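To start, the structure itself, in structure tokens.
Please treat every number below as a calculation from the coordinates, not as lab data. Every value quoted in this text rests on a predicted model; they were computed, and no experiment measured them. Ideal geometry is used to build each Cβ from the backbone, glycine not excepted, and the neighbour counts take in all protein chains shown.
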Amino acid sequence: MDTVEALTADKPVVIFSKSSCCMAHSAKALISSFGANPIIIEIDKMVNGDEIERSLIQLGCRPSVPAVFIGQQYIGGVNQVISLNVQNKLAQLLLKARAIFIWGPMAP
């Protein structure tokens, strides 16, 4: 788990993914639509990808990807990210993590 902690430290948004995962693409697209620039870690392209995947599973990530961290906190997979968005909580998390700096309707 130390590897996962090191990879998420001091980063507002980190998404662990596999290059062929369409669900990870959906999570990336949704978070990016807020103006955030998530760090994407494609574990299938990393030498220690198997170790990272085991660490994600130990953290409770099932399936292992996508695993979304906002403000160094594990949020969940794409279902949890979509749920937060539907509940109007995703923008607040991104603001709190300083992944975005402004959200909402602009004054005329």
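Here is the result for the stretch 1-76: no GluC sites (Glu not before Pro) lie in DSSP coil with at most 15 other C-beta atoms within 10 angstrom of their C-beta. Considering helices alone, the calculated mean residue ellipticity of the chain at 222 nm is -11500 deg cm²/dmol, with DSSP H runs of length four and up weighted by -39500 (n - 2.57) and normalised per residue. If one takes the longest principal axis of the Cα atoms in the chain, at what angle in degrees, from 0 to 90 and to the nearest 10, does the Cα axis of helix 49-58 lie? Value to nearest ten degrees: 70.
In vacuo Debye scattering of the chain, one point per C-alpha: log10 I(q)/I(0) at q = 0.12, 0.13, 0.21 Å⁻¹? Here the Debye-derived log intensity ratios amount to -0.37, -0.44, -1.09.
If you take all other residues with their beta carbon under 15 Å from the beta carbon of Gln73, and give Lys and Arg +1 and Asp and Glu -1, the sum is +2. A cut-off of 5 Å between modelled amide H atoms, ignoring neighbours fewer than 5 places along the same chain, links Ile41 with Ile15, Phe16, Ser17. For the stretch 2-96, lysine pairs separated by 8 or more sequence positions, or belonging to different chains, with Cα-Cα distances below 25 Å total 9. Antiparallel beta bridges, as assigned by DSSP with both residues in the chain, represent about 65 percent of the total such bridges. Taking amide hydrogens as placed 1.01 Å from N in the peptide plane, the amide H of Gly76 sits under 5 Å from those of Val68, each at least 5 positions away in sequence or on another chain.
Derived scalar couplings between HN and Hα for the stretch 26-36 equal 5, 5, 4, 5, 5, 5, 5, 5, 7, x, 6 Hz in order, rounded to whole Hz, by the Karplus curve 6.51 cos²θ - 1.76 cosθ + 1.60 (θ = phi - 60°), x for Gly and Pro.
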